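The structure appears below as structure tokens.
The values are calculated or read from the model by the stated rules, or taken from the named source; none is laboratory data. For clarity, every value in this text was computed on a predicted model and none was experimentally measured. Heads up, the Cβs are rebuilt from the backbone with ideal geometry, glycines too, and the neighbour counts pull from every protein chain shown.
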Amino acid sequence: MSETRPEPATAGIESKQTTVGSVFVSNYPPYSIWNDSAVPDVHHALGEKPRPDATLGLYLHIPFCRKRCKFCYFRVYTDKNSTEIDTYLNALAKEVELYSRQPAIANRPLRFVYFGGGTPSYISVKHLTALVDRVKNVMPWDAAEEVAFECEPGTLTQKKLEAIKTIGVTRLSLGVENLNDEILAENGRAHLSKEVYRIHPWIQELAFDQVNIDLISGMIGETWESWRETVKKTIDLDPDSITVYQLELPFNTVYSKDILGGDSLPVADWKLKREWHQYAFEQFEKAGYVISSAYTVLKKDKPSQFVYRDAVWQGSDMIGTGVASFSHLSGIHFQNAPSWGDYLGNLEEDKLPVYRALKPTETEKLTREMILQLKLGKIRPSYFKEKFGADILTQYAEAYEKLQNDRMLHINAETDEIVLTQRGLLRVDSLLPAFYAPEYQNTRYT
Ligand SMILES: C[S@@+](CC[C@H](N)C(=O)[O-])C[C@H]1O[C@@H](n2cnc3c(N)ncnc32)[C@H](O)[C@@H]1O
Ligand code: SF4
């Protein structure tokens, strides 16, 4: 469906209904303009020395899930057997090995590692340790500031959690999403709430540095009553951080296809999803958390960081390995082959599976960092002056003036701060296209 229908940069979030389309902004310029003509630039950059002072991270994509959630837009496979998973993980390890020999990567320390998905916790302990042994052999991460690992609660056992701890994971992120079983089942989640409570004592016992819980505001079937209950139960689980996403329906989800096929789904509108998000943040603040971004709250008395997020939003180098993964190196963005066959085929021939790329201009780099960091709720113009030599308040004057007039943010030149209001923070992704260059305003996002 998404191949034939142009997808605007941002679905109409101000429109009352949740319509089909992408809202969440994860990069800039839009992915749809990346292409194969910039791929030689990637290979050239890999052969050169790295930028001085640039930090490096490693992302490992594990694209397997027990079931496809009806709202999910990630590239995941639910039909791969153990042999196919073995083949994929061998290719993934080989990809890391190939990167480790490139002059731009060789011997650089890793600042962070991120196991994302899909569901990294889906793979067996045997598979996980075999993968980690090979990766650590060429890119050790014992000195990394953060090793993050995404989990679907129902895939965890005590033994698997112990293995996850042993490989050095510091940030365990649990896709809880909701604690109402009817809602979890309706939305096609593979887990029910009892699985969260089953694993909770083991997680506490293992004392990970940081445990995060993901929630979604606006799952199908949600009501005020069920959401209040989920928020309360989440606080009782006592995580170190909580992330709340507002449900969006990009073109490739099961629900989006139902809607485009003519079904009418009882999906909450954006106003209600923001009210639920706001309610959750207020309750979390009362319970001792502080807001650290548009989506995340952190325990006040246990200051912690999210190194991966902050590094990516500050333009750090990051090698994204695995099918369809995104990377950023020496100022160039690139993405891996998005199909199973192409990804594996490249690696079988000992080739890096780079498929499309983009070398952004200096202005595009500035815009990217600025819009991503606005999601933190506060930025300092002086940071951009120092890094890019740009006065963002002049360069983006029109957009800032409009957003200030719309009560989305405050500008305080004296204290060197641009601060989003609560109103602005709750809909930040829908505001960011205001900073896009005119040629990208109506470009399809992905
Ligand atoms: C890769 S998943 C996390 C790990 C694991 N796969 C799981 O779901 O438990 C990343 C997160 O994206 C969020 N997410 C997925 N689809 C979404 C959507 N359509 N709208 C908002 N958030 C979504 C969910 O909160 C999910 O936990
Ligand atoms: S939300 Fe997580 S578990 Fe569900 S399909 Fe997406 S990646 Fe898999």
* Cβ-Cβ below 6 Å, separation at least six or inter-chain, first residue in the stretch 77-90 and more than 16 Å from ligand 2 (Cβ to nearest atom), second in a helix (DSSP H, G or I): which pairs? -> LEU89/HIS127; LEU89/LEU131
* Restricting the stretch 299-355 to residues that are hydroxyl-bearing (Ser, Thr, Tyr) and under 19 Å from the mean Cα position of the chain (by Cα), which is nearest to MET370 (Cα to Cα)? -> SER316
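Return a yes/no flag: does the stretch 46-57 have any residue that is within 26 Å of GLU177 (Cα to Cα), of a type outside the set (Gly, Ala, Ser) and surrounded by 15 or more Cβ atoms within 10 Å (Cβ to Cβ). Before you say what the answer is, go through the steps one by one.
Step one: filter the stretch 46-57 for residues within 26 Å of GLU177 (Cα to Cα), giving none.
Scanning the stretch 46-57 turns up no residue that is within 26 Å of GLU177 (Cα to Cα), of a type outside the set (Gly, Ala, Ser) and surrounded by 15 or more Cβ atoms within 10 Å (Cβ to Cβ).
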* In the stretch 345-395, how many are closer than 20 Å to ASN35 by Cα, crowded, with 18+ Cβ neighbours inside 10 Å and among the small types (Gly, Ala, Ser)? -> 1
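Taking the conditions exactly as written (in contact with a Phe, Trp or Tyr (Cβ under 6 Å, 6 or more places away or on another chain), at pLDDT 95 or above and either basic (Lys, Arg) or not in a loop (DSSP other than H, G, I, E, B) (or both)), does TRP202 satisfy them or not?
On the way: in contact with a Phe, Trp or Tyr (Cβ under 6 Å, 6 or more places away or on another chain): no; at pLDDT 95 or above: yes; either basic (Lys, Arg) or not in a loop (DSSP other than H, G, I, E, B) (or both): yes.
No; evaluated as a whole, the condition is false for this residue.
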* Within the stretch 76-118, track down each residue that is in contact with a Gly (Cβ under 8 Å, 6 or more places away or on another chain), under 18 Å from TYR343 (Cβ atoms) and within 15 Å of ligand 1 (Cβ to nearest atom). => VAL76, TYR77
* Asked: Among the listed residues LEU174, LEU179, which satisfies the condition of being in contact with a strand residue (DSSP E or B) (Cβ under 7 Å, 6 or more places away or on another chain) and either within 16 Å of ligand 1 (Cβ to nearest atom) or more than 25 Å from PHE74 (Cα to Cα) (or both)?
  -> LEU174
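Please pick out the residue among ALA106, ALA143, ALA185 that is under 30 Å from TRP227 (Cβ atoms), of a type outside the set (Ser, Thr, Tyr) and surrounded by fewer than 17 Cβ atoms within 10 Å (Cβ to Cβ).
Numbers: ALA106 fails: under 30 Å from TRP227 (Cβ atoms); ALA143 fails: under 30 Å from TRP227 (Cβ atoms).
Just a single option satisfies the conditions, and that option is ALA185.
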* To do: Within the stretch 58-70, track down each residue that is among the basic types (Lys, Arg) and buried (at least 19 other Cβ atoms within 10 Å of the Cβ).
  => LYS70
* Structure fact -> Residue hits (the stretch 348-378; more than 18 Å from PHE306 (Cβ to Cβ) and among the small types (Gly, Ala, Ser)) are ALA357
* To do: State yes or no: is LEU206 away from ligand 2 (no atom under 14 Å from the Cβ) and among the aliphatic types (A, V, I, L, M)?
  => yes
